[in-house]
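The structure appears below as structure tokens.
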Amino acid sequence: MNSRRLACGIMTLLLGWLALATPLRAAEPASWNPETAEQRDARMKWWRDARFGLFIHWGLYAVPAGHWQGKPIGGIGEWIMNSANIPVAEYEPLAKQFNPVAYDPAGWARLAKQAGVKYLVITSKHHEGFCLFDSQATDYDAVDATPYGKCLLKPLADECRKQGIKFCVYYSIMDWHHPAQTRPHERSHNPTKMLPGRKAEYMDYMKQHFRELLACCDVEVLWFDGEWCDWYTEEDAREVYAYLRKLKPQLIINNRVGKGRQGMEGLTRSGDHAGDFGTPEQQIPATGLPGVDWESCMTMNDTWGFKRDDHNWKSSQTLIRNLVDIASKGGNYLLNVGPTAAGEIPQPSVERLEAIGQWMQVNGEAIYQTAASPFKSLAWGRCTKKSADGNTTLYLHVFQWPTDGQLLVPGLKNPVAKAYLLADADQRPLDTEAVEAGVRVKLPANAPDPICSVVVLKVAGDVEIAAAIPAQQADGAIQLVASDAVCHGQQIRYETGPQRNCIGFWLNPSEWVEWKVKINEPGEFAVSAEVAATASGSFQVVVGDRTLTAQAPLTGDYGRFQTVDLGRLKIAQSGTVSIAVRAVADGWQPFNLRALACVPQ
Ligand code: FHN
């Protein structure tokens, strides 16, 4: 055993002693998260400030790279063992072909640094069960099972630290290789079943890994996945969470350690679930989520693990605007690369990371340490914010540069102390003007950056924004979306996420919703609604003393929406009008309401 492995071994033993000194099924109540809000804020601060991380999916699945027995296999690359229905005995030998001779941890860390990421999350063990680190608990690892014969994580951890990048690891709870877990049936590995009487063995196996990962790499975030197996419970989650935080109090742990994640939407449903941040996957929440820590993990093409045939690369523009969109909503962006079995990051990924890095070189100030936009939406782009010494800096991320050179910041009431282009090192002042609709900023004819140019506004105090209410469109139509509605009641509320983005939790028929709308042209309107319902209830659209009664159609799922015509309704007066939707209590059945439209007749 070389000195490095010896050192890791000793550290692991020390951590093991500490852990054993704290019995896993602790005698004290499972107070899995006793920390105060202040302690949590201090622990989460670097992560919240970071805003941008690099995800790396690397494992034996990079060897077949999306092909098996001469045939292309559909689905994401790291799932090939399941997608091609490969038995463990036929999958294991891939380890003998895994020899990443081109692996350059220093080069990876430099690329990450240049891209502007502040943390890096690499798979330590994906569902396949293969460990990229040296584990004393198994020989199914990079040291014992591959011709490469060395730990893959520690060198990268060391190089990341040299670059000032936080080193973090992904860890799958579901394990398609461990003998305590078995296939649910002969056509799939997912989700695994736990063999009777072997759960404690596997839980201890995982804890050995946690100690080893902390000992060898001192990880800063443990990014769990594969928590959906029914043998793994919320009680297990809380004990794992408490166990890890006792080993490393400053460790940050995602919500997939627990059972509260709401599918790919990734956020934690209400209730007492373990985990420090939500994990939307391949999607960005529709709006910011005040007080909620979340991180959208996304691929550059369509797969997490390397697939030789996946050339469906997102543009650098898309990736940069995703980063801006996510930061404008107060979230983090965890952008994935899938290295080859040889240890190379695909060139298209390198090119995109370099493009992001060039943008971040100029505009990183508008991403790092920022808070969510104070605006509900901006037609021309996004906004991020910083507050210091009682003043506010607004970073206006302009995607669509105004052709007339006038950028309207809607509803902004603060006087602007200073405005300039972030790309302008001399910070030459831009003219601004307070107008009824907000603040106009006079911009040069050409945008500094075709993808996203940042205009900086310095204002005194906290931002004050006049509540922009929806207005009748120039063609007379009225388009009302759920995020602009005013909910009246305790349970009814706006729900975010691509499967929702609606008024939901309408369980109580005495609760209701309304839109305040600026009407310029009263008249007769054809009214339609976008609804989702699993049972049909009646509701009414009410404007003044006029009422339109309708029945919600059955769409079969609270996330499957249909647009239904409700009939005609007269809006008799101009000015600010309330368009309300109320439940008919008799026979009420909850439904989700995404939008309301009124078209002049
Ligand atoms: O099954 C995994 C998948 O392979 C990938 O790791 C993603 C990335 O977070 N997580 C799971 C799917 O939700």
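The values are calculated or read from the model by the stated rules, or taken from the named source; none is laboratory data. Remember, it's a predicted structure, so these values are computed and weren't measured experimentally. With ideal geometry, Cβ positions are generated from the backbone for all residues, glycine too; neighbour counts draw on all protein chains shown.
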Exercise for review: Mind counting the residues in the stretch 317-347 that are crowded, with 17+ Cβ neighbours inside 10 Å, more than 16 Å from the ligand (Cβ to nearest atom) and closer than 25 Å to GLY74 by Cα?
Suggested key: 7
Practice item. State whether one or more residues within the stretch 261-271 are more than 14 Å from the ligand (Cβ to nearest atom) and either modelled with pLDDT of 95 or more or touching a Leu at 6+ places or on another chain (Cβ under 7 Å) (or both). Key: no
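Give GLY275, GLY288 a once-over and let me know the one that is at positive phi, more than 12 Å from the ligand (Cβ to nearest atom) and in a loop (DSSP other than H, G, I, E, B).
That would be GLY275, the only listed residue that is at positive phi, more than 12 Å from the ligand (Cβ to nearest atom) and in a loop (DSSP other than H, G, I, E, B).
Considering only residues that are part of a loop (DSSP other than H, G, I, E, B) and of a type in the set (S, T, N, Q), which ones fall in the stretch 157-214?
Within the stretch 157-214, GLN163, ASN190, THR192 meet the criteria.
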Study note, to complete from the structure: For the stretch 466-482, the count of residues that are modelled with pLDDT under 85 and outside any loop (DSSP other than H, G, I, E, B) equals 1
Check your understanding: What number of residues in the stretch 63-111 are without any contact (Cβ under 8 Å) to a residue 60 or more places away in the chain and within 28 Å of ASP158 (Cα to Cα)?
Key -> 8
Point to revise | Subset tally (residues that are among the acidic types (Asp, Glu), within 12 Å of the ligand (Cβ to nearest atom) and within 21 Å of LYS118 (Cα to Cα)) for the stretch 220-233 | key: 0
Exercise for review: Filter the stretch 27-48 down to residues that are modelled with pLDDT of 95 or more and surrounded by 13 or more Cβ atoms within 10 Å (Cβ to Cβ), then give me how many there are.
Suggested key: 5
Study note, to complete from the structure: Checked VAL531, VAL459 against criteria (over 30 Å from GLY278 (Cβ atoms), outside any loop (DSSP other than H, G, I, E, B), of a type outside the set (D, E, K, R) and touching a residue at least 12 places away in the same chain (Cβ under 8 Å)); the one match is VAL459
Study note, to complete from the structure: Scanning the stretch 393-451 residue by residue, those at pLDDT 95 or above and of a type in the set (Ser, Thr, Tyr) turn out to be THR393, TYR395, TYR420, THR432
Exercise for review: Quickly run through the stretch 571-601 and pick out the residues that are of a type in the set (S, T, N, Q), assigned to a strand (DSSP E or B) and farther than 21 Å from GLU524 by Cβ.
Suggested key: ASN592
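Filtering the stretch 295-308 down to residues that are in contact with a Ser or Thr (Cβ under 7 Å, 6 or more places away or on another chain) and not in a loop (DSSP other than H, G, I, E, B), which residue is surrounded by the fewest Cβ atoms within 10 Å (Cβ to Cβ)?
Taking the stretch 295-308 and keeping what is in contact with a Ser or Thr (Cβ under 7 Å, 6 or more places away or on another chain), we get 295, 297, 300, 306.
Now restrict to residues that are not in a loop (DSSP other than H, G, I, E, B): 295, 297.
Details: GLU295: 27, CYS297: 24.
Among those that are in contact with a Ser or Thr (Cβ under 7 Å, 6 or more places away or on another chain) and not in a loop (DSSP other than H, G, I, E, B), it is CYS297.
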Review point. Out of curiosity, is GLY53 touching a Lys or Arg at 6+ places or on another chain (Cβ under 7 Å), of a type in the set (Gly, Ala, Ser) and at pLDDT 85 or above?
Key: yes
Point to revise | Hey, GLU265 surrounded by fewer than 20 Cβ atoms within 10 Å (Cβ to Cβ) and of a type in the set (Asp, Glu) or not | key: no
Review point. Can you spot a residue in the stretch 113-132 that is surrounded by fewer than 23 Cβ atoms within 10 Å (Cβ to Cβ) and either in contact with a Pro (Cβ under 9 Å, 6 or more places away or on another chain) or β-branched (Val, Ile, Thr) (or both)?
Key: no
Review point. Name the residues in the stretch 234-260 that are outside any helix (DSSP H, G or I), more than 15 Å from the ligand (Cβ to nearest atom) and under 23 Å from the mean Cα position of the chain (by Cα), would you?
Key: GLN250, LEU251, ILE252
Study note, to complete from the structure: When the stretch 336-368 is checked residue by residue, the ones that are β-branched (Val, Ile, Thr) and either farther than 22 Å from VAL456 by Cβ or touching a Cys at 6+ places or on another chain (Cβ under 8 Å) (or both) are VAL337, THR340, ILE345, VAL350
Practice item. With respect to TRP58, determine if the residue is on the phi < 0 side of the Ramachandran plot and in a loop (DSSP other than H, G, I, E, B). Key: yes
**Study point:** Listing of strands (runs of 3 or more DSSP E) fully contained in the stretch 364-427 that carry 1 or more residues being crowded, with 20+ Cβ neighbours inside 10 Å and in contact (Cβ under 8 Å) with a residue 60 or more places away in the chain
**Key:** 381-388, 391-398
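Residues are listed down the side, and each one gets a yes or a no for (1) on the phi > 0 side of the Ramachandran plot; (2) assigned to a loop (DSSP other than H, G, I, E, B); (3) surrounded by fewer than 19 Cβ atoms within 10 Å (Cβ to Cβ):
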{"site": "SER536", "(1), (2), (3)": "no, yes, yes"}
{"site": "VAL542", "(1), (2), (3)": "no, no, yes"}
{"site": "GLY556", "(1), (2), (3)": "yes, yes, yes"}
{"site": "ARG560", "(1), (2), (3)": "no, yes, yes"}
Revision key, fill the gap. Scanning the stretch 296-313 for residues that are more than 17 Å from the chain's Cα centre (by Cα) and touching a residue at least 12 places away in the same chain (Cβ under 8 Å), the one nearest to the ligand (Cβ to nearest atom) turns out to be GLY305
Check your understanding: Which one is farthest from PRO179 (Cα to Cα), of the residues in the stretch 77-95 that are within 16 Å of the ligand (Cβ to nearest atom) and in a helix (DSSP H, G or I)?
Key -> GLY77
Practice item. Answer yes if at least one residue in the stretch 405-427 is more than 23 Å from GLY461 (Cβ to Cβ) and under 25 Å from the mean Cα position of the chain (by Cα), and no otherwise. Key: no
Check your understanding: Does TRP506 meet the test of being in contact (Cβ under 8 Å) with a residue 40 or more places away in the chain and in a loop (DSSP other than H, G, I, E, B)?
Key -> yes
Practice item. Scan the stretch 548-579 residue by residue and report those that are closer than 15 Å to CYS598 by Cα and among the charged types (D, E, K, R). Key: ASP565, ARG568, LYS570
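Across the stretch 96-151, which residue is farthest from the chain's Cα centre (by Cα) among those that are within 16 Å of the ligand (Cβ to nearest atom) and outside any loop (DSSP other than H, G, I, E, B)?
Among those residues, the one meeting the criterion is CYS131.
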Check your understanding: Any idea how many residues of the stretch 153-209 are in contact (Cβ under 8 Å) with a residue 40 or more places away in the chain, of a type in the set (Ser, Thr, Tyr) and more than 16 Å from the ligand (Cβ to nearest atom)?
Key -> 1
